[in-house]
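The values are calculated or read from the model by the stated rules, or taken from the named source; none is laboratory data. Given the structure is predicted, the values throughout are model-derived calculations rather than measurements. A quick note on method: Cβ atoms are made from the backbone with ideal geometry, for glycine too, and the neighbour counts reach across all protein chains shown.
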Amino acid sequence: MNELIKLSATELAAKLRAGEVTSVEAVQAHLDRIAEVDGTLNAFLHVNAKEALAVAAEVDAIRAAGGAGAEALHPLAGVPIAIKDLIVTKGQPTTAASKMLEGWMSPYDATVIEKIRAAKLPMLGKTNLDEFAMGSSTEHSAYGVTRNPWDLNRIPGGSGGGSAAAVASFEAPLALGTDTGGSIRQPGAVTGTVGVKPTYGAVSRYGAIAMASSLDQIGPVSRTVLDSAYLQELIGGHDPKDSTSLPNALEGLVAAAESGAAGDLEGLRIGVIKELTGEGYQEGVQARFNESLELLKAAGAEIVEVSCPNFKYALGAYYLIMPSEVSSNLAKFDGVRYGKRVLPEDGPMTIERVMGATRAAGFGDEVKRRIILGTYALSAGYYDAYYGSAQKVRTLIQRDFAAAFEQADVLVSPTAPTVAFELGANDNDPLAMYLNDVATIPANLAGVPGITVPGGLSENLPVGIQFLAPAYEDARLYRAGAALEALLEKQWGHSLISQAPAIDTASIAQEA
Amino acid sequence: MSAISREDVVHLAHLAHIEMSDAELDKMTGELDAIVGAIASVSEVAASDVPATSHPIPLTNVLREDTVGQTLSIEEVLLNAPDSDSDRFKVPAILDGE
Amino acid sequence: MSNYTDELVDFDTALDRYDPVLGFEVHVELNTKTKMFSDAPNAFGDEPNTNVTPVDLGLPGVLPVVNKTAVEYSILIGLALNCQIAEKCGFARKNYFYPDTPKNFQTSQYDDPIAHDGWLDIELEDGEVFRVEIERAHMEEDAGKLTHMGGAAGRIQGADYSLVDYNRAGVPLVEIVTKPIVGAGKRAPELARAYVAAIREIVKNLGVSDAKMERGNVRCDANVSLMPKDADKFGTRTETKNVNSLRAVEHAVRFEIERHAAVLDSGAKIVQETRHWHEDTRSTTSGRPKSDADDYRYFPEPDLVPIVTTAEWVEELRSRLPEPPAERRKRLKAEWGYADKEFRDVVNAGVLDEIEATVAAGASAAVARKWWMGEIARLAKAADKEIADLGVTPQTIVELNSLIEGKKINDKIARQVLEFVIAGEGTPSEIVEKRGLAVVNDDDALGKAVDEAMAAMPDVVEKIKGGKMQAIGALMGPVMKATRGQADAGRVREIVMEKLGL
């Protein structure tokens, strides 16, 4: 393995700046790694080698020329990045892992992609996900499952399993994800990586294919907390194209991560959410969580218990609000303007029937299930009982958070109740699948930010620790997250990801 | 909350414009019923005096000045069209021909 | 389609037994520079699919942003309709599939329209005023344009396929909805027309819409139901869609009243349904019945945040309101002293603005009316042009009139001068000068012409001497001929009398 790919984004950036390595070398090393392992992992749906190398060469040339041009380069310029295939990109296909958008080429870039282009991060390609981001395992991709680099027979989490697996397997130092109910944080937890769901509105959603508009948020995926801080600062900020975008950019994220890594947590109040521990959480997960709390306490943090009594309704509210918005957001996929068009096999050839046949063939089962569920929750006679009630529960959850944040500066919980489960384990039980998101969903409902950091292993599989902060206070996540990361690594003497087993490419037949 | 019937699912699939086979309708009916049963608890706590939250972060008056921006070229517009005729999208008949 | 023809009951007979209840949904396209939720141009008549951004095409990943000017125009309409302006309101999604709707939902307003509970006084032809209560005015977006191909001339029925142009998709609309209108009786069709005309006039006067019905800037859906005279409950209504001229509105309401009466008389029930208006046959046909498919699953638009209207904002907009058309008419009629019919003719001819400007420029109201309703209207008609397009300015009229009053030219010459003005030869004074058209009131020249005329017509002279003063007219022809029409007729008469010692 080329040692370049083991570097964090920040470390690689420093070497690029120092001239010890070129961006072309770094990009090529990652492309080589993708060539080596991705036939097994299937983290990437599209590899963007040519453009990535061209951007890398451009950065190298600017740096070689020196002067103002080199000075003006973004700190991450030349560091490669992978993009979840829910985010639209010019020049590369965007599929949302759905047959519906097979071959679709966006004529425009998402706002985050514009920022990445402006900062000159070479884009390695587009990563796999559950179709339209609906799932917690990446098994619902129309283009095959992605495997967990820690255990090839297990799921990498979802929906952003591709981005998490790519970062965990050293195919990319950085990736973009999207998080509607935990799609950045839960894959981060089960792959031993870092993932952040920023405050709702902190990063523009323009160009992220909408799943549930009031819950969706783009965020960073990386191997270190500091890398995520750099990436969030790059992609964040107000966007006039997104009406729900916060008016001001959140600042001080990198500084917070740096101060947290110094390890001093004196005065920080950390609230343990009573409802997100204990029953339903695997023993090993609970054990790693408790050990992390001890470390945080030893570093000066004050640990308090907080109660969020309405969190038990969060999953129910989420599975009403999310599918309702899904049913409307996905209506546009009808075979008229773009994407797949399927003609009915028999009977009259009307546009209505073509739409019905197209959507029947273009969407997978989980997508259909959520569209039908959302259609039901919004339909006449049921709106008040379902959608209306769920919006009220949302208020109650916000109130729970507000009360908890009076007692604590950040809240903490396991990110997911279990370690990665085996592929196919929940095939016939959508409800069991939904339970994976029980700890991550409250943050989406309330709009508050959350981070997952690696918290150790259970059954040789990673466990994630989640911190939550009040809206706009993403910096607190980076401080607490970087502190726990540093404390754990000091205790272990190494990073968690360095313990990931070699990927046995021979064990799984490479896909054609 | 009453159970979801197969007829309900037929109607919902029609509203959602998704054709479904008999087998799919049966399967979906069972799954939906289970899911709805599991999540219906939200109505227990939703008292009438609790306001609804539709936006997680409360913002107001995000408005745009009335200034013309960049449009797509006709090539970009029709780039991904399943069918088109000259400069317009082409769709099958809207009404049944009978 | 069947050849079934609806039974009708004679209008007057129908109204003897039933009271009509009306309701209108009028859609007004705003004339903002850009669309409701995107910065694509809002323009009519451009090449298909050129005024389109990713947002208007409903591409994956796009988000809407509200046009501030469209919100302000909507508030102006609300204020002009005497509505309450909502302190806080938001957008909602109306979900339904149709190929002219790029997202397969329309972004609209549902339970919190920006304006609500207003009224509008409608003046009918004979001056009777009828108050129409406005339920709400809300913001939404227009759909794209479908063209049906194959089959009969552009009709959806029997078409083989359709073509879609999304230029119109996302154009800002304000939908104005009335409360049920009761008590119009036999005047229902006339009221319908007058109501839509009033809305059109108001939005044009506000400058927020081009208000051209032929372009679809103002579109009307007309709801009609009948209730028996002694009933206290409304009957079942039908909604006739897209009635897109004032005349059609009147005819469609009349037709539906006659049709409803026939159905009710026969003992059958009215089906609650959409009806389509056909201008060629002046009749409606059944559209689709209201059904489950109308379950629009409205919910708050998560991609847009609420609009809060502060008192300062609303008052600033209120200060921009022009004088309401009806009040302006009342004021002008009183100021100008026109008779009822005179004023109505002026309004119908559409020259209110021109007369007002001409009076402001210094002419009397009578003179202004004489010109705009007389010679200018005649010339416009002859040239098959709109009066406003002739290029006659108020200043032209004032100048012509002062030339007449100063006895520089007579009426007949003035009309010629006007034609030269329209032909672009210059101002009236310049033309009179250049063409030598000034009236001849030089007594020597006139005296000579009178002498010649009297010498040529001794019999006429005798008649005049005998007291037949009207015979002077016979001398006028030769005198005018001798002076090329520029003689001052009054002065000629005086000279004749002087010469004959009368």
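Of note:
- Residue match in the range C:437-447 (condition: under 28 Å from C:Ile376 (Cβ atoms) and among the small types (Gly, Ala, Ser)): yes
- Selection within the range C:127-154 - outside any strand (DSSP E or B), at pLDDT below 95 and surrounded by 14 or more Cβ atoms within 10 Å (Cβ to Cβ): C:Gly151
- Candidates A:Thr178, A:Thr193 - the one that is within 14 Å of chain C (Cβ to nearest Cβ) and hydroxyl-bearing (Ser, Thr, Tyr): A:Thr178
- Residue ID - modelled with the lowest pLDDT, chosen from residues in the range C:322-336 that are under 19 Å from the mean Cα position of the chain (by Cα) and of a type in the set (A, V, I, L, M, F, W, C): C:Ala326
- Some residue of the range A:244-252 being surrounded by 24 or more Cβ atoms within 10 Å (Cβ to Cβ), within 29 Å of A:Leu330 (Cα to Cα), without any contact (Cβ under 8 Å) to a residue 60 or more places away in the chain and not hydrophobic (A, V, I, L, M, F, W, C): yes
- For the range C:226-273, the set of residues classified as of a type in the set (S, T, N, Q), part of a strand (DSSP E or B) and surrounded by 17 or more Cβ atoms within 10 Å (Cβ to Cβ) consists of C:Thr238, C:Thr240, listed by residue number.
- Hits in the range A:46-77 - residues which are in a loop (DSSP other than H, G, I, E, B), touching a residue at least 12 places away in the same chain (Cβ under 8 Å) and more than 22 Å from the chain's Cα centre (by Cα): A:Leu73, A:His74, A:Pro75
- With a requirement of 3 or more residues that are without any contact (Cβ under 8 Å) to a residue 12 or more places away in the chain, none of the strands (runs of 3 or more DSSP E) lying completely within the range C:1-120 satisfies it.
- Tabulated pairs, the range C:267-286, first touching a residue at least 40 places away in the same chain (Cβ under 8 Å), second in a loop (DSSP other than H, G, I, E, B), C-beta under 6 angstrom, 6+ apart or interchain: C:Ile270/C:Thr236
- When C:Lys233, C:Lys229 are checked against the criterion of being free of Cβ contacts under 8 Å to residues at least 60 places away in the same chain and farther than 30 Å from C:Ala211 by Cα, C:Lys233 stands alone in meeting it.
- Any hit, the range C:71-80, residues being surrounded by fewer than 24 Cβ atoms within 10 Å (Cβ to Cβ), out of contact with any helix residue (DSSP H, G or I) (no Cβ under 7 Å at 6 or more places or on another chain) and not β-branched (Val, Ile, Thr): no
- Exactly one residue out of A:Ala133, A:Ala202, A:Ala208, A:Ala166 is of a type in the set (A, V, I, L, M), away from every other protein chain (no Cβ under 14 Å) and within 30 Å of A:Gly78 (Cβ to Cβ), and it is A:Ala166.
- Residue within the range A:219-233 that is more than 12 Å from chain C (Cβ to nearest Cβ), basic (Lys, Arg) and out of contact with any Leu (no Cβ under 6 Å at 6 or more places or on another chain) present: yes
- Long-range neighbours under 8 Å by Cβ, at least six apart or interchain, first residue over 18 Å from A:Val326 (Cα atoms) within the range B:4-29, second among the acidic types (Asp, Glu) and buried (at least 16 other Cβ atoms within 10 Å of the Cβ): B:Ile4/B:Asp33; B:Thr29/B:Asp8
- 3 or more residues surrounded by fewer than 24 Cβ atoms within 10 Å (Cβ to Cβ): qualifying helices (runs of 4 or more DSSP H) within the range A:288-383: A:351-362, A:365-378
- Against the list (1) closer than 19 Å to C:Glu87 by Cα; (2) surrounded by 14 or more Cβ atoms within 10 Å (Cβ to Cβ), the condition C:Asp111 fails is (2).
- Residue within the range C:340-362 that is in a loop (DSSP other than H, G, I, E, B) and polar (S, T, N, Q) present: no
- Note on the range C:121-130: residues that are in contact (Cβ under 8 Å) with a residue 60 or more places away in the chain and of a type in the set (Val, Ile, Thr) total 1.
- Which numbered condition A:Ile397 fails, given (1) at the interface with another protein chain (Cβ under 9 Å from one of its Cβ atoms); (2) under 25 Å from B:Glu31 (Cβ atoms): (2)
- Among the residues of this structure, C:Ala197 counts as one that is over 30 Å from B:Ser84 (Cβ atoms) and assigned by TED's automatic domain parsing to the domain that holds C:Leu57.
- The range A:414-428, residues that are farther than 25 Å from A:Arg479 by Cα and either crowded, with 24+ Cβ neighbours inside 10 Å or within 14 Å of chain B (Cβ to nearest Cβ) (or both): A:Ala420, A:Asn426, A:Asp427, A:Asn428
- For the range A:429-454, a residue qualifies if it is touching a residue at least 24 places away in the same chain (Cβ under 8 Å) and at the interface with chain B (Cβ under 9 Å from one of its Cβ atoms), and the qualifying residues are A:Pro430, A:Tyr434, A:Asn444, A:Leu445, A:Ala446, A:Gly447, A:Val448.
- Any hit, the range A:256-273, residues being more than 14 Å from chain B (Cβ to nearest Cβ), among the small types (Gly, Ala, Ser) and on the phi > 0 side of the Ramachandran plot: yes
- Picking from residues in the range C:386-416 that are in contact with an Asp or Glu (Cβ under 9 Å, 6 or more places away or on another chain) and under 19 Å from C:Asp488 (Cα atoms), the one that is surrounded by the fewest Cβ atoms within 10 Å (Cβ to Cβ) is C:Lys407.
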